Amino acid sequence: MLSSLKEKFLLYRIRAKKDPDAFGEIYDIYARRIYRFIYFKVRSAEQAEDLTSEAFLKAWQYLKEKREVPNLQALLYSVARSVVIDHYRHCAHESGNVALDDAVAVEDPGLVSDQLIRDAENNFDAARVLDRLRGMKEEYREVIVMKHFDGLDTKEIAAALGKTPANVRVLLHRATKALAAALEEDEHELQASPENFRRNQG
Amino acid sequence: MNSKRLLKTFGAIKDERRGGTPHEAWLTRSRDIIMMQVRNTTDSRQAASPLTSAYHLFDIFFPLAAFQSFARAAAMFLLVVGAVVGGGLASAGVYKDALPGDRLYGTKLAVEKTQITLAPNEDYRTRLHADFADRRMEEAAALAEGAVARYRYLPDVLVAFDGEVRALDAGIDSLRTSDRAGAVELAKNVERRLAGYRVTMRKASSILPGSYRRSIDESRSLVDSVSIKAMAVIIEHHRAGDVEAPQTVVASNFEEHLNQAEAKINKASDREQVATQAAKAKTAIAEAKELVTEGKYEAALSKMAEVVELTKEVEMDEDASSVIPGSTRDPEAAPAPAGEGTAESP
């Protein structure tokens, strides 16, 4: 997590000194996190890459226009979210039938299904978790990814998502519970009828 | 899957590509492309002037919200220091007792405005409005009992008083939705204060010439309507079983209002012009009392609103019929509002 003071200093370098390297530092710090944030909202890694680049360029435009930035991290997540929304709007416009909720589709369902059959138990768990994670409510998915994948603490997540820490704690609790319940359901289904389960997952 | 296994799975996949970790090669490539575009859109020769740099430095490290918080704290500090150290104005109560026309009256209003602005929450702000309503009423009473030359300040004081009463009214509305317990407490508090204001205004009204009495009548109408609203809140809470609004409080509030009205009506003269309305008012009072006894508070409140109107009409009729042409009570012969000598009121 970028310290608040360093963040402010980088902003100062961009605004007053017009120093592009300051933006490079911001990219180095946040690129992985923003990529992951977008990755879990789109269909493929390639889309996530394109949209991450687009998000950073938009963030640069925003910073260049000298608009007020109370929290850089929150700005980057907000720009990333709007880039994904624009992407799905564009898709819907192109195909005429893709809803925004389709952001939760699996990257390659066939591949995941194959892994279910082939891989060892850990890998099987991972695939199921990822599958279920992608199918979760957006706000649940966001807090789980930020907490357990990016390692952010509650305060940092709250600042990034524009929520209160208490709100984030509640969301995290509910999200983890919902994910665990969904996985439990899978396990029951798997025990009852392994063939059906694989077919459904496929 | 239990949470321990879930967390273990998170830990295992977070560094994998499918867990959302990007390719290092893509990161580098993307960085190069982005930085190229960033450099292409930046003219570093157009670096900001020292003044603009200072502005950015201030704006980024000390944004407006932080500045406002700081200014608020500083203003509060200065206010406290000013009040305590600055000649002991506050502690000596010099400006607190200032009346319209006094040199320090402007300071008094400025301090009140500052207090309202710096109020930390709605509840505190409403309490301030209640205190300031008291002050305006005290000022109005002092002006009515003071020199005739100062009567001219009365309309403005009453307008300010109305403003404070309206703020109390808004405070009740706001608390009704946000803090039900706070709403009944405020309603009771407001109701007590309004009863006091009614007595003061009646007294002032009996002293003042007709032109100023009209200003007082307007304030009394407002006080009556807010009072009925406060009563409605108390009844609402009583019906909901709130221990803060027991039957004794509801009944005593009604009793106080109706007894006051009854006393006024009983004092009314037997002149024909007044007697008809007084009889109607007496009937309404009796009906209201009966409804209170039966516990029909909502109907009693509606009847009480009728009593208030009728009492007001009786008082107006009484005033009109008791005017002696040419006297200072005659609105037509009232002294001109501004700069008219220093004679004391009767």
Taking segment A:1-19 and keeping residues of a type in the set (A, V, I, L, M), in contact with an Asp or Glu (Cβ under 8 Å, 6 or more places away or on another chain) and not in a loop (DSSP other than H, G, I, E, B) leaves A:L10
Out of the residues in segment A:59-69 that are buried (at least 17 other Cβ atoms within 10 Å of the Cβ) and within 9 Å of chain B (Cβ to nearest Cβ), state the one that is farthest from A:E156 (Cα to Cα).
-> A:W60
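Out of the residues in segment A:153-180 that are under 18 Å from B:A12 (Cα atoms) and surrounded by fewer than 21 Cβ atoms within 10 Å (Cβ to Cβ), which is nearest to the chain's Cα centre (by Cα)?
To start, the set of residues in segment A:153-180 that are under 18 Å from B:A12 (Cα atoms) comprises A:176, A:179-180.
Restricting the remaining residues to those that are surrounded by fewer than 21 Cβ atoms within 10 Å (Cβ to Cβ) gives A:176, A:180.
Values: A:T176: 16, A:A180: 19 Å.
Filtering segment A:153-180 for residues that are under 18 Å from B:A12 (Cα atoms) and surrounded by fewer than 21 Cβ atoms within 10 Å (Cβ to Cβ), the one nearest to the chain's Cα centre (by Cα) comes out as A:T176.
Would you be able to tell me the number of residues in segment B:178-197 that are over 17 Å from B:R135 (Cβ atoms) and not aliphatic (A, V, I, L, M)? Break it down stepwise before answering.
Taking segment B:178-197 and keeping what is over 17 Å from B:R135 (Cβ atoms), we get B:178-188, B:191, B:195.
Within this subset, residues satisfying the condition of being not aliphatic (A, V, I, L, M) are B:178-180, B:182, B:185, B:188, B:191.
Of the residues in segment B:178-197, 7 are over 17 Å from B:R135 (Cβ atoms) and not aliphatic (A, V, I, L, M).
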Every pair of residues 6+ apart whose Cβ atoms lie under 8 Å, when the first sits in segment A:161-173 and is assigned by TED's automatic domain parsing to the domain that holds A:L75 and among the basic types (K, R) while the second is exposed (fewer than 14 other Cβ atoms within 10 Å of the Cβ) and at pLDDT below 90 = none
Could you list, in sequence order, all residues of segment A:134-152 that are under 21 Å from B:E16 (Cβ atoms) and more than 14 Å from chain B (Cβ to nearest Cβ)?
-> A:G135
Among the numbered criteria (1) surrounded by 14 or more Cβ atoms within 10 Å (Cβ to Cβ); (2) hydrophobic (A, V, I, L, M, F, W, C); (3) not in a helix (DSSP H, G or I), which single criterion is violated by B:V243?
-> (1)
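Report the residue count in segment A:20-58 for those that are assigned to a loop (DSSP other than H, G, I, E, B) and at the interface with chain B (Cβ under 7 Å from one of its Cβ atoms).
Going residue by residue through segment A:20-58, those that are assigned to a loop (DSSP other than H, G, I, E, B) are A:40-44.
Checking which are at the interface with chain B (Cβ under 7 Å from one of its Cβ atoms) leaves us with A:40.
The qualifying residues number 1.
Going by the conditions given, is A:L51 over 17 Å from B:T41 (Cα atoms), in contact with a His (Cβ under 7 Å, 6 or more places away or on another chain) and outside the structural domain of A:R141 (by TED's automatic domain parsing)? Quick ask: steps written out before the conclusion?
On the way: over 17 Å from B:T41 (Cα atoms): yes; in contact with a His (Cβ under 7 Å, 6 or more places away or on another chain): yes; outside the structural domain of A:R141 (by TED's automatic domain parsing): yes.
Here the answer is yes, as A:L51 does meet what is asked.
The values are calculated or read from the model by the stated rules, or taken from the named source; none is laboratory data. Fair warning: this is a prediction, and the values are worked out from it, not measured in the lab. Neighbour counts run over all protein chains shown; Cβ positions are idealised from the backbone, glycine included.
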